[in-house]
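Below is one structure, written out as structure tokens; the observations come after it.
The values are calculated or read from the model by the stated rules, or taken from the named source; none is laboratory data. This is a predicted model, so every value here is computed, not measured. FYI the Cβ positions are ideal-geometry reconstructions off the backbone, even for glycines, and counts take in every protein chain you see. SASA here: full protein model, heavy atoms, side chains in, ligands and nucleic acids out. Shrake-Rupley method; radii C 1.70, N 1.55, O 1.52, S 1.80 Å.
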Amino acid sequence: MHMKSKGYIKKGIDNAIIFLIILLGFFLRFYNLARESLWIDEIDAGILPAKQSITYLLDPNINLPVSTYHIILHYWMQIFGQSEFSARFPALIFGILSIFMIYKLGKVLFDQEIGLLSALILAISPFHIHYSQEARPYSLLMLLSLISTYYFVKFVKSNDKKNIHGNFHSLPYKISNFIKNKKNIWIYIVSTL
């Protein structure tokens, strides 16, 4: 068997493993997603702001802790309804995507095995499962932090350090930093022009 063939086989096995880890993470987060009623803090700090109009949510003078999560949840609930299951499902999605991003980060920082181990640990983490089942922005914050860190590490490890503008203005890096805090929206728009 050629070395090239062994590489393809190893890559296929690694892809199957990360797929199974993500599937495990999905089932652990999906199980009992709507078993309990919404907590008062999920309603006050998650659901109620998301039920407001978009113009209200984007108003910098409002006295609510509004984030991009609330804007996403606003549209999500308009499409999929306002049940406990529906309100918590976006957090589940962000939690699953975090498992994949921690795999990518572990892989770029160390190697494939560390990436897989990191993903497995996050997939079965009781704390991460819990926060991936709440209608709160915690899982989105983790996902965006992982994306930002991943692209920062890729930049630091790259040989093209002269092209800071190109590396730090790649689309995923822009998006993750943009949606961390919607109050920076106008600064961001002006700076990219």
Once the other residues with Cβ under 11 Å from the Cβ of Trp39 are scored (Lys, Arg +1; Asp, Glu -1), what is the net sum?
-> -4
By average Cβ neighbour count within 10 Å, what is the ranking of 118-130, 29-41 from highest down?
-> 118-130, 29-41
By per-residue mean of other Cβ atoms within 10 Å, what is the highest-first order of 136-142, 79-85?
-> 136-142, 79-85
Collect residues whose amide H, placed 1.01 Å from N in the peptide plane, falls under 5 Å from the amide H of Leu38; neighbours closer than 5 in sequence don't count.
-> none
In debye, nearest 20, what is the charge dipole magnitude of region 1-153 about its Cα centre with +1 on Lys and Arg Cβ and -1 on Asp and Glu Cβ, if you could check?
-> 740
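Could you give the length gained on full extension between Leu58 and Leu20, defined as 0.36 nm per residue of separation minus the Cα-Cα distance, in nm?
9.8 nm
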For region 54-126, the per residue accessible area (1.4 Å probe, Å²) is 49
Could you run the Karplus curve 6.51 cos²θ - 1.76 cosθ + 1.60 with θ = phi - 60° over region 88-105 and give me ³J(HN,Hα) per residue in whole Hz, x for Gly and Pro?
-> 8, 4, x, 4, 4, 4, 5, x, 5, 5, 5, 4, 5, 5, 6, 4, 4, 5
Can you list the HN-Hα couplings for region 125-136, worked out from phi with the Karplus curve (6.51, -1.76, 1.60; θ = phi - 60°), rounded to whole Hz and with x for Gly and Pro?
-> 5, x, 5, 5, 4, 4, 6, 7, 10, 10, 7, 9
³J(HN,Hα) computed for each position of region 43-60 - Karplus, 6.51 cos²θ - 1.76 cosθ + 1.60, integer Hz, glycine/proline x = 6, 5, 9, x, 6, 4, x, 5, 7, 6, 6, 5, 4, 5, 5, 8, 6, x
In bins 5 Å wide, starting from 0, what share of all Cα pairs of region 1-152 does each bin hold, as a percent?
-> 2, 10, 17, 18, 16, 13, 10, 7, 4, 2, 1, 1, 0, 0
For a quick protection proxy, order the peptides 45-51, 88-94, 18-24 by their average other-Cβ count within 10 Å, most packed first.
-> 88-94, 45-51, 18-24
